Structure formats: C-alpha cells, structure tokens
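Below: one structure, written as structure tokens.
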Amino acid sequence: MGKRAVWRAVAAVGTVLAIVPWAAAQAGEPREVRWQERPEAPRHGDFVGEPGIAIEAMTEGFMAAHPDLRWRREGLHDYANGRHGQAMTHFLQAARYADKASQAMVAEMHWQGIGVPQDRALGYAWMDLAAERRYPNFLILRESYWDQLDESTRAEAIERGQAVYAEYGDEVAKPRLEKVLRREKRKLTGSRTGFVGNITIIPNTGPLAGTGMSIPGERFYAREYWEPERYWALQDTIWKSPPRGEVHVGDLVPGTEAAKD
C-alpha cells in the first residue's frame with residue numbers, strides 16, 4: 001500500500017472501511033474487510049467540516065473544547081503543505097486526547113519516515129494503538145504493518161508499545177478530553193450545570209462568522225458533542241466500529257482505486 005493510498009484513507013479525505021460479514025461470520029469465522037467511500041463532511045463555501053458535526057457549530061469556542069479535532073485539523077493542514085515536523089507535533093497533541101485518526105497518522109509517518117527517521121517498530125506500536133477501538137480501517141493498516149515485520153522487530157514493537165499505550169491509550173487519553181469537554185461547556189454557558197436554556201449563538205469565528213446567521217443553543221450544545229459517552233459513541237459511528245466480540249481480519253479486499261495506488 002503506497003503513501004498516497006494511506007494518506008487518502010486515513011486523513012486527507014477521511015476514508016473509512018466497513019467490515020462486511022460473510023454468511024459464515026455468525027458462526028465465528030473471519031470477516032471480509034474492504035475499503036468503503038469516505039463519510040460525508042459538511043461544507044460551507046471553502047470550509048470543510050467534520051463528519052457527524054453540524055458545520056455551524058464549529059466556532060473557535062467549539063474547537064477549543066475539542067482539542068482532538070482542533071489539533072488533528074492543524075496537523076492535516078501542515079501535512080498537506082509539507083510541514084511534516086509541525087504536522088507530527090499537532091498529531092501528537094490530538095493523540096493525547098484519544099484521536100484515533102491522528103494516532104494513525106503518527107504511525108504512518110514513523111512507518112514511512114515522513115518528517116521523522118523511519119522506525120517501523122514504533123510505527124506498528126502506534127497503529128496498534130490507533131486500532132485500539134477496532135475501527136476497521138486502522139485494523140487493516142495494523143495487520144498490513146505486522147505482516148511486513150520480522151520476528152525481532154515484532155518483539156521490539158510490542159515492547160515499545162507499552163510506553164505508547166501508557167501515555168496515549170484510551171484509559172488515560174479519554175479522561176483528558178472528557179475533562180476539557182466539561183470545563184469548556186461550563187465556561188461557554190456560564191452555568192456550572194452546563195444548562196443551555198434559550199441560548200442563541202451568533203458566531204464571530206468559524207465558517208458562519210460575518211454571515212449574520214445564528215445557531216440555536218440546543219444545536220451547538222447537542223449532547224453527542226459534549227457528553228463524553230455520547231461523544232465516544234459518535235466517534236464509533238463515524239469510524240464504523242465493529243460490534244464487540246472477537247474480530248478476525250481476513251484477506252484485504254480493495255474497494256476503491258485509492259487503495260490500489
């Protein structure tokens with residue numbers, strides 16, 4: 001799989017994968033994994049939003065409360081403009097807030113040696129972390145990496161991955177973001193309970209700034225954007241997390257031209 005394919009799949013166009021059960025999958029046999037079209041992202045003029053999030057909600061205040069999205073977007077912008085060192089810095093910042101797409105980009109940059117010395121053991125460790133929630137796209141990349149490692153590098157990757165998980169795994173990274181979500185919601189609403197009431201927001205930042213348009217408070221403060229459990233469920237929906245239980249990745253089946261580059 002070339003760099004262009006991975007870049008399209010993981011970041012630039014937000015491609016996701018779907019696990020398509022075989023008829024025998026219910027009996028516990030492997031599932032087929034194949035590429036799927038990217039999720040729809042909302043747009044306003046030249047501004048491209050985030051899948052699953054109302055574009056009018058994406059003000060500076062919203063992004064400050066969602067550092068996972070903020071730093072990933074900064075990283076993607078830097079990467080697209082060839083500022084790979086800065087991109088790595090921003091992806092690492094997003095990774096601290098449990099952003100799996102950013103963790104996958106850190107993995108790919110180490111794997112390919114983009115902006116950093118090539119380090120395939122560390123690249124695998126990061127992709128294993130990106131696949132922690134078993135999002136199919138990252139599972140495919142993780143298994144592809146593993147197949148390309150020799151036994152000694154596999155052992156090294158597993159050992160070094162312990163430190164990566166200790167700093168960036170969901171067990172520690174999710175609470176970081178949850179703390180920010182709660183704090184920033186209280187700050188923006190002016191209420192310790194985060195009560196929205198009849199708030200109407202007139203954005204002075206973001207894609208709707210200067211348009212005269214307003215945002216109903218209940219839309220800006222939709223529960224899936226601010227309540228941790230609902231926010232993680234939204235991420236699972238966007239990245240198409242498979243059902244809980246044992247997941248076996250079978251043969252890779254390209255479903256788009258991007259996967260063939």
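Amide H contacts for residue 49 (H built 1.01 Å from N in the peptide plane; partners 5 or more residues away or on another chain; cut-off under 5 Å): 43, 44. Any idea how far the Cα center of the stretch 94-172 sits from the one of the stretch 58-85, in Å? Value for the Cα centre distance between the two parts: 20 Å. Here the Karplus relation 6.51 cos²θ - 1.76 cosθ + 1.60, evaluated at θ = phi - 60°, turns the backbone of the stretch 86-97 into coupling constants of 5, 4, 4, 4, 6, 4, 5, 5, 5, 4, 5, 10 Hz, with x for every Gly and Pro. Both numbers refer to the Cα atoms of the stretch 62-122; Rg and Dmax are 11.0, 36 Å.
FRET efficiency for the residue 233 to residue 77 pair, using the beta carbon distance and R₀ = 35 Å, is estimated at 0.80.
Values in this text are rule-based calculations from the coordinates and carry no lab data. Bear in mind the structure is a predicted one, so any value in this text is a computation, not a measurement. A quick note on method: Cβ atoms are made from the backbone with ideal geometry, for glycine too, and the neighbour counts reach across all protein chains shown.
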